[in-house]
């Protein structure tokens, strides 16, 4: 989903573009998550997939059949204080921490606002439906202006719902032969600790990130994870916003500026993600390219979008009509494919459904299509799966040639289903 920071800034201009949903520092939290403690239990006959994102609602009816509680209860990590936790405990801690920031009534209120805002980006809606949704959004705007703390609560709630919404897209209409492992983004306390490391000494932070990415790699290898959705995106300009401004003393002794620190941090982060992906050649990674409305070639500071690896697919967004989304980053060189990412209906934490928009919604749609190929032929290699994906499930459109490689876009649902049926009969 798209970030609420842009909602407050831009809504007066008739709901324009979108800023990335997850802030960079929150994404960095993955560094504190995982350290495996032995072989992973579970049925080897199932195709294992994974996601890095915010907490999941394990009890949601759309996710529960894919959650392997035995695995989540056996995988452990050691946090920065040396304490060991299971993935299930981390997910619960992350969820509880966010739930402290709002009441159930505030959650329902903010969720309605979020859903209405994102659904309004579907321009095929009837005039009457648009009027209803605009009324909900207008109420949210007024509360943001006059009700103290409303914007902060909506930001927290948008993070709270993100993981479950993305995971729901990833597993949509998959069968029982798939199991899902989630790597929950940790809590605010650890967020702040890692942020301090990054903005004081990026190279020190590199060691932290590398250590934990290596532990994630161990889990991916042991559990034979075939597809992983990377819920991470962003750019140096977003890091710069969160960096501490140099004091007069810092400037006197020639401490680097916010811009310089953000560029250094971006490069470190990009290098470590690249190393992580290359260390897991048997896993196919799908990643959003970000929601800055930027040409990636020109900026060259987008974390995952400029990474090139044979097992990585970088995804931009289109709307239901196939038009490239205004908020999506783009590049005929670096963006591999576009997929639906505007006004996407998905699972809501606590039950029900909600609408979201962003390349975060487009990325798991591509992951879902790839998983369907693997379930049809689990014996296929990464190369075989990706070749089939690119030749069978992707089409080229002239209108998108400046946005994605060769104008590549994911085929529609019915075409994908027909292709998968043919693959199963091979």
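The values are calculated or read from the model by the stated rules, or taken from the named source; none is laboratory data. All of these numbers come straight from a predicted model, not from anything done at the bench. Every residue, glycine as well, gets a Cβ built from its backbone with ideal geometry; the counts of neighbours run over all protein chains shown.
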(request) Filter the stretch 68-115 down to residues that are within 30 Å of residue 140 (Cα to Cα), surrounded by 15 or more Cβ atoms within 10 Å (Cβ to Cβ), over 20 Å from the mean Cα position of the chain (by Cα) and without any contact (Cβ under 8 Å) to a residue 40 or more places away in the chain, then give me how many there are. (result) 2
(message) Given the condition at pLDDT 95 or above, over 18 Å from residue 169 (Cβ atoms) and surrounded by fewer than 24 Cβ atoms within 10 Å (Cβ to Cβ), answer yes or no: does some residue in the stretch 286-307 qualify?
(response) no
(request) Could you list all residues from the stretch 345-380 that are touching a residue at least 60 places away in the same chain (Cβ under 8 Å), more than 21 Å from the chain's Cα centre (by Cα) and surrounded by fewer than 16 Cβ atoms within 10 Å (Cβ to Cβ)? (result) 378
(message) For the stretch 390-399, give me each residue that is in contact with a strand residue (DSSP E or B) (Cβ under 9 Å, 6 or more places away or on another chain) and free of Cβ contacts under 8 Å to residues at least 60 places away in the same chain.
(response) 390, 393, 394, 395, 396
(request) Could you please find all residues in the stretch 133-162 being closer than 27 Å to residue 92 by Cβ and in a loop (DSSP other than H, G, I, E, B)? (result) 149
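A quick yes/no check of all residues on (1) over 14 Å from residue 182 (Cβ atoms); (2) touching a strand residue (DSSP E or B) at 6+ places or on another chain (Cβ under 6 Å):
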| site | (1), (2) |
| --- | --- |
| 53 | no, no |
| 58 | no, yes |
| 78 | yes, yes |
| 83 | yes, no |
| 87 | no, no |
| 91 | no, yes |
| 101 | yes, no |
| 108 | yes, no |
(request) State which residue is nearest to the chain's Cα centre (by Cα) when the search covers only the stretch 320-344 and only residues that are within 30 Å of residue 59 (Cα to Cα) and part of a loop (DSSP other than H, G, I, E, B). (result) 341
(request) Identify all residues within the stretch 116-129 that are exposed (fewer than 15 other Cβ atoms within 10 Å of the Cβ) and either under 27 Å from residue 182 (Cβ atoms) or in contact (Cβ under 8 Å) with a residue 24 or more places away in the chain (or both); write none if there are none. (result) 123, 124
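Quick one: which residue in 241, 245 is modelled with pLDDT under 75 and assigned to a loop (DSSP other than H, G, I, E, B)?
245 is the lone residue from the list that is modelled with pLDDT under 75 and assigned to a loop (DSSP other than H, G, I, E, B).
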(message) Could you check the stretch 184-195 and list, in sequence order, the residues that are at pLDDT 65 or above and either touching a strand residue (DSSP E or B) at 6+ places or on another chain (Cβ under 7 Å) or surrounded by fewer than 18 Cβ atoms within 10 Å (Cβ to Cβ) (or both)?
(response) 185
(request) Only residues that are more than 15 Å from residue 314 (Cα to Cα) and in contact with a strand residue (DSSP E or B) (Cβ under 7 Å, 6 or more places away or on another chain): list them for the stretch 403-426, please. (result) 411
(request) Please work out if residue 416 is in contact (Cβ under 8 Å) with a residue 40 or more places away in the chain, closer than 18 Å to residue 283 by Cα, touching a helix residue (DSSP H, G or I) at 6+ places or on another chain (Cβ under 8 Å) and part of a helix (DSSP H, G or I). (result) no
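Residues that are under 22 Å from residue 184 (Cβ atoms) and at pLDDT 85 or above: list the strands (runs of 3 or more DSSP E) wholly contained in the stretch 29-132 that include at least 3 such residues.
Where strands (runs of 3 or more DSSP E) fall fully within the stretch 29-132 and carry at least 3 residues being under 22 Å from residue 184 (Cβ atoms) and at pLDDT 85 or above, they are 47-53.
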(message) Report every pair of residues separated by at least 6 positions or lying on different chains whose Cβ atoms are under 6 Å apart, first residue within the stretch 158-185 and at positive phi, second crowded, with 24+ Cβ neighbours inside 10 Å.
(response) none
(request) Identify, from the list 406, 395, the residue that is surrounded by fewer than 23 Cβ atoms within 10 Å (Cβ to Cβ) and in a helix (DSSP H, G or I). (result) 406
(message) Would you confirm, using the coordinates I've provided, whether residue 132 is more than 23 Å from the chain's Cα centre (by Cα), crowded, with 18+ Cβ neighbours inside 10 Å and farther than 22 Å from residue 215 by Cβ?
(response) no
